[in-house]
Amino acid sequence: MAPTVLHLRSETKPLEHRSALTPTTAAALIKAGYAVNIERSPERIFDDAEFEAAGATLVPEGSWEDAPKEHIIIGLKELEEKTCEWQSNPKTYEHPANPFAVPLKHVHVQFAHCYKQQAGWDAVLARFPRGGGTLLDLEFLVDERGRRVAAFGFHAGFTGAALALEVWAWQQNHTEPFPGVESYPNEDALVTNVKKAIDAGAKTAGRLPRVIVIGALGRCGSGAVEALEKAGLPAENIIKWDMAETAKGGPFKEITDSDIFVNCIYLTSKIPNFVNLESLQTPDRKLSVVCDVSADTTSPFTPVPIYTVATTFDKPTVPVDGLQSGPPLSVISIDHLPSLLPREASEAFSHDLLPSLLGLNDWHNVPVWARAEKLFKDKVATLPAGALEN
């Protein structure tokens, strides 16, 4: 019987250096009997040679489009809509939301960001059933208790809080927007840079920032708190909130009384907003930086409805307009924050994902993947009329 082929595609999102597979997990999959194809990548934190040394087969970048239908395509971030299977099938598939939403024929394991009615969700999701493909979304890959089997949460919180500290420090000495950022080789390099920035900012401000983290008990929140501690903030400057503190319902003045707000809450239903444009109008507002780690910019469930633009590594912040008083307020809403620490984040994520990956050769019957398939079908059933028509 031919081995199951797993095909790791090269990421196309700008400055996305992470990888769902690492040389270590690729070697484990090969040892278990899988064939592992790795697309060459100019962006991935791991060198192509590292995968080749692990026994994987290197294939051209973008070759997943022409791979046999039975190959399972593994990636992280969303696909480029205009390139998928385009060269081999140049027919334009009309769709009311996106005329270039070309159908997908494979099983895809990735984050698709289309299950919470984000902007354009129907065009993204419809591509899979229209091509006979399946989406097994990593964001919703859960065990029998409903807990995610693998997540970048810790590193998202860590890097988000670190970046928020840098933005606050920048604001103390500059009026122009915070400049672009790049990935760091390791955590120590990031922490060193943050400490240097904080020292300069605190010298001008005459104090260290006060930071509130909501979701502090979760993986994401614990990462944020650890970054703040490693950056040198004293315990009294770190406000740790979780479900008990937010149970009364927002908006919360404790947020506008802080210099920095780090949102680490993951939501699938609407709750009272933690902060909104009205609550920001308080004349004694101190808040000048919000890091929305969840980055659900267009989700109707966001508890931080004060911005509408997703930010990027080259433009990390967006200003909040319409404020009548207080300091300028910048929002960080980068949806791949862990790529600031791509090697460590990838190693941790792929290690946790490996037990599930080992079941892909019988994924229809493996509970974790069967649950993901059921959720996919349930979401497809909610697509608007006409979304599945070519």
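The values are calculated or read from the model by the stated rules, or taken from the named source; none is laboratory data. What you are looking at is a predicted structure, and each value in this text was computed from that prediction instead of being measured. Here the Cβ is made from the backbone with ideal geometry for all residues, glycine too, and neighbour counts use every protein chain on show. Please note that ligands, DNA and RNA were not included when accessible areas were found on the heavy atoms of the full protein model with its side chains. Shrake-Rupley method; radii C 1.70, N 1.55, O 1.52, S 1.80 Å.
Annotations for the structure displayed:
- For region 120-125, Karplus couplings with θ = phi - 60° (6.51, -1.76, 1.60), whole Hz, Gly/Pro x: x, 4, 5, 5, 5, 5
- Working value for region 89-222: equivalent-ellipsoid semi-axes of 40, 20, 13 Å, each the square root of 5 times a Cα gyration tensor eigenvalue, largest first.
- For the chain, the Cα gyration tensor yields ellipsoid semi-axes of 38, 24, 19 Å (square root of five times each eigenvalue, largest first, whole Å).
- Cα gyration tensor, region 1-81 - rounded (a/c under 1.5), prolate or oblate: oblate
- Cα gyration tensor, region 248-390 - rounded (a/c under 1.5), prolate or oblate: prolate
- Residues of region 258-327: accessible area per residue with a 1.4 Å probe, Å²: 42 Å²
- T4 long-range amide H proximity, modeled H, under 5 Å: A35
- For region 174-214 versus region 244-275, the gap between their alpha-carbon centres in whole angstrom: 23 Å
- DSSP-defined antiparallel bridges as percent of all bridges, region 251-390, nearest 5: 30 percent
- Percent antiparallel among DSSP beta bridges (both partners in the chain, rounded to 5): 10 percent
- Excluding ligands, DNA and RNA, the accessible surface per residue across region 16-58 is 39 Å² with a 1.4 Å probe.
- Rounded to the nearest Hz, the phi-derived 3J(HN,Hα) couplings of region 310-319 under the Karplus curve 6.51 cos²θ - 1.76 cosθ + 1.60 (θ = phi - 60°) are 6, 9, 9, 5, 7, 9, x, 10, 10, x, where x marks glycine and proline.
- R148 sits among other residues whose Cβ lies under 12 Å from its own Cβ, and their net charge, with Lys and Arg +1 and Asp and Glu -1, is 0.
- Between L267 and E182, the contour length at 0.36 nm per residue exceeds the Cα-Cα span by 27.8 nm.
- Each 10 Å bin from 0 upward holds the following percent of the Cα-Cα pairs of region 183-272: 15, 44, 29, 11, 0.
- Atom-type composition of the exposed protein surface of the chain places 54 percent of the accessible area on carbon and sulfur (1.4 angstrom probe).
- Relative contact order of the chain, pairs being alpha-carbon contacts under 8 Å that are 6 or more residues apart, as %: 18 percent
- Between 0 and 90°, nearest 10: helix 187-205 axis offset from the chain longest Cα axis: 20 degrees
- C-alpha long axis of helix 219-230 to longest principal axis of the chain, angle in °: 50 degrees
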